[in-house]
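Below is one structure, written out as C-alpha cells, with a few remarks after it.
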Amino acid sequence: MNKIIFSLILLLTASLNVFAQDVDNTTDPVASLRDQIHAASTPSDRIRLQLKLAELLVSTGHKTEALKELQLIANSGSFDPAGFYNLGNSFARIGETDAAIDAYRTAIEQRNGTYSRAYNNLGVLLFRGGRMDEASDAFLSALKLENFRYAEASYNLGRVYAARGQKDLAAREWKRALFVNPQHDAAAQALANLGTEERIVVESKPVKSQPVKVSGPTAAPAPKSLTLTLDQVSFDLLQRARTAAERGKMTDAADDFTRLLNREGGYFAPANLELSYALISLKRYDEAIANLLKVSERDGARYPISYYHLARLYESRNELKLAEAAFSQAAAIYTPTNAQFFLDLSRVREKLGDFKGALDSMERYLKLAPERGDKAVWSDERLAELRRKAGQ
C-alpha cells in the first residue's frame with residue numbers, strides 16, 4: 001500500500017512540475033519563444049522566431065542576449081534570403097553595422113544578386129561609414145534591378161552624389177525619386193535645399209567653362225551661385241558618359257569623358273572627377289590620380305572629395321605620407337565633417353608610426369561617429385590600443 005501511495009505522490013509531483021513549466025512558458029514570452037524555436041519545423045520558421053526573440057530581448061534591455069541570438073542566425077548556414085535581409089535590419093537597428101553589412105551581402109548572394117531592397121539598405125550603411133564608392137555601386141545595383149524606378153534608392157544615390165560635390169547629379173536623382181514617388185518628402189526637401197548650386201547648362205555659343213582657381217584647402221570657398229557651362233556637343237558627351245557609367249559601362253564612360261575634356265582644354269571639374277571614378281573601377285590608377293590632382297589643385301575647396309580619393313589611391317600604393325596629407329586635407333575642408341575621414345587618417349598615421357597623431361584622429365572620429373550612428377563596434381578597443389602605443 002505504501003508503495004502505491006509513494007508512486008501516486010511521485011506521479012502527482014511530476015504532473016505539477018510539467019503544469020508549472022507550462023504556466024511559466026505561457027507567462028514568460030522569452031521562454032515561450034525559445035520553445036517555439038526548438039519546435040520549429042523549417043530553418044525559415046526558426047530564423048523568423050529567432051528574430052522575434054531578439055527584438056523582444058532588445059526591447060527589454062537584454063542586448064547582449066539578443067546579439068547572441070542574432071549571431072546564431074548569422075552562423076547558421078541556412079538558405080533564407082529574406083531571413084538574412086531581416087537579420088541585416090535587426091543588426092542595423094542596434095548599431096551592429098559590420099554584422100548588418102555581412103547579413104545583407106549574404107541575402108544578396110543567396111538571391112544571386114537580385115535583391116534590390118538588400119542592395120539599398122547595404123548602400124545606406126556603406127554611405128554612413130563614408131564608403132561612398134561602394135555605396136554608389138549598391139544603390140546603382142538596386143536601381144538597375146528595378147529599371148531605375150526605385151524612389152528610395154534614387155534618393156540615397158542622390159545623397160552620395162551630393163556628398164561627392166556632384167550637385168547636378170544629386171538633383172537628377174532626387175527628381176527621379178519624385179517622379180517615381182511624388183510623396184517622397186525627403187527627396188523634395190533635399191531638392192529644395194539644393195537650389196541652383198552647381199548647375200551645368202548649355203551655352204548658346206561654344207564658351208569654355210572657367211574653373212574657380214584655389215591654391216589649396218585653406219583657400220576661400222568658391223561662390224555657391226557658380227553655374228558651369230558647356231556647348232551642346234560637350235553637354236551631350238557628359239550626359240552620355242554619365243549614362244554609360246550608371247549602366248556599368250565604364251570603358252565607354254571613360255572614352256566619352258575623355259572626348260569631352262579634349263574639347264574643354266583638358267579640364268572641366270565634374271568631368272575630371274567622374275572620369276577618375278571610372279578609371280578607378282577600370283584599375284587605371286595613374287590616370288585616375290592625374291585627374292584627381294587636377295581637381296584638387298584647381299577646385300579642391302569646391303570638391304574636397306578629390307583629396308579623399310587621392311588619399312585612398314596613395315595608401316593602396318603604400319605612399320603613406322601623400323595619403324596622410326590628402327586625408328588631412330579632406331578632413332579639414334569637407335562639409336559636413338565626415339567621421340570616416342578621421343578613421344582613415346588614424347589608420348595611415350598608425351602605419352607611419354605616428355601613434356600620437358593616430359590617437360588624436362581616432363579621438364576625433366569617436367567624437368563625431370556617435371552623432372551619425374555609425375560608430376564601429378571595435379573602435380573602443382582600437383582606441384585603447386592606440387593609447388597604449390602612444391604611451392598614455
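Quick rundown of the values:
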{"item": "Protection proxy ranking, peptides 179-192, 149-162, 278-291, average beta carbon neighbours within 10 Å, highest first", "result": "149-162, 278-291, 179-192"}
{"item": "Calculated FRET efficiency for the pair R149/H38, C-beta based, R₀ 56 Å, to 0.05", "result": "0.85"}
{"item": "Restraint check, K321/K351; K367/K389; K144/K249; K167/K249; K283/K321, Cα-Cα greater than 18 Å", "result": "K367/K389; K167/K249; K283/K321"}
{"item": "Sites S316 and E109, calculated FRET efficiency, Cβ-Cβ separation with R0 41 Å, nearest 0.05", "result": "0.95"}
{"item": "Peptide ranges 347-353, 124-130 listed from the most packed, as the mean C-beta count within 10 angstrom indicates", "result": "124-130, 347-353"}
{"item": "Simple spin-label estimate for E65 and L282 in nanometres, 7 Å along Cα-Cβ", "result": "5.7 nm"}
{"item": "Pairwise FRET efficiency - I94 versus N193, Cβ, R0 = 41 Å, nearest 0.05", "result": "0.85"}
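A short reminder: the numbers here are calculations on the coordinates, not readings from a lab. It should be emphasised that the depicted structure is a prediction, and the values quoted were computed from it without experimental measurement. Note: ideal-geometry Cβ built from the backbone for every residue, glycine included; neighbour counts use all protein chains shown.
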